[in-house]
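First the structure, in the form of structure tokens, and then the observations on it.
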Amino acid sequence: MSVRQPATIAVRAGIDSDASHGAVAPPVCLSSTFSFAEFGKPRRHDYSRSGNPTRDLLAEALADLEGGKAATVTATGMGAITTVLQLLRRDDRLVAPLDCYGGTFRLFDAWAKKGAFQLEWVDFQDEQAWQRAVPGARMVWLETPSNPLLRITDIERVAALAHRHGGLVVADNTFLSPALQNPIALGAEIVVHSTTKYINGHSDVVGGAVIAADQGLGEELAWWANCVGITGGAFDSWLTLRGLRTLAVRMRAHQDNVESLIELLERHPAVRRIHYPGLATHPGHLIARRQQSGFGAMLSFELYDGEAAVRRFVDGLETISLAESLGGVETLIAHPSTMTHAAMSAEDQARAGLAPGLLRLSVGLEAVEDLGADILRALDRAESVSQRVKHHGAR
């Protein structure tokens, strides 16, 4: 078969694979168990926790899209992370970004305190810090762009250093999806996704995936997912497969909307700073240009008046929903300090750079005129009296 483009892989995932009836869209296989061909001869599938035809189609598509050899579909994104952590032993050291997703932070911290592995939090924006920490680590966890500050880590350079010292590199690619970044091509051994987000794209399925660059490693991860019992269900896999088919076109439209909203945010006096790697002023802009094929549809911005401004901003939104999660067709906004990263202590939040006035925006596919009008009204509400006087006085 000729080499296919990512958009084609996503669209054709599972299409015309039904040998029984010739159904173009693959049927969902809801059976929990499968009969043996005869005594001592199981078929390809014997029990849906271990393997399911519908889940296999999604796993194969994700492995193809990420350039991996094998993929395991899990029930949640946190299930995917949990699967990867099974590779670590008590004396192994895990190096992880101190500004990672709050759920990841909570899990790593809790397991390290139980003695499951040794944990070292690192600021990957500090080159000297990661250069010191990576050698000798059994596993290096990367999140780029990071959640929620959209910080960029040079996957290729970190992976090269880790490999010289026998370490595994894991990259959480949830914010970009395989449509915009392929960490395996940059040296990562494992890629993790919350498929709840862009891969499904419709905020109606919770799921996760682990993709391995090596077949043997992929089989080990699949063994653990089956053993622990956190593989995904057939119907959830079918829905995610359906969402995956529009990934490429959705990502293009998401990014088109971001460009217009960035201009609006840059001009408004209520905004202290914007975190988006597509901006030339972003510290990771050049790395993002090199290792990504797009800048994504996630951005965060900080309001001058802190949490008080956040409350004014979200009170009255019409086209944007205040909710956790991201990557759906609808636009969502979250306050990381009290929502997605609430599990982190105030000290850990401060160390990670999460300010009280920070908002994270997942830009959806609504008409950009409606999104822009909603955001402009919200920014006007968020602008403090002193800012307004100063701004209009300057005119």
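Values in this text are rule-based calculations from the coordinates and carry no lab data. Treat the numbers as computed from the prediction; the structure is a model and nothing was measured. When we count neighbours, we look across all protein chains shown, and the Cβ atoms used for this are built from the backbone with ideal geometry, even at glycine.
A few points about this structure:
- Of all the criteria given as (1) polar (S, T, N, Q); (2) surrounded by fewer than 23 Cβ atoms within 10 Å (Cβ to Cβ); (3) under 18 Å from the mean Cα position of the chain (by Cα), the one not satisfied by GLN349 is (3).
- Of everything listed in (1) in contact with a helix residue (DSSP H, G or I) (Cβ under 9 Å, 6 or more places away or on another chain); (2) of a type in the set (Gly, Ala, Ser); (3) more than 29 Å from LEU168 (Cα to Cα), the single unmet condition for ALA253 is (1).
- For the stretch 164-245, no strands (runs of 3 or more DSSP E) sit wholly inside it while including 1 or more residues that are in contact with a Cys (Cβ under 6 Å, 6 or more places away or on another chain) and surrounded by fewer than 24 Cβ atoms within 10 Å (Cβ to Cβ).
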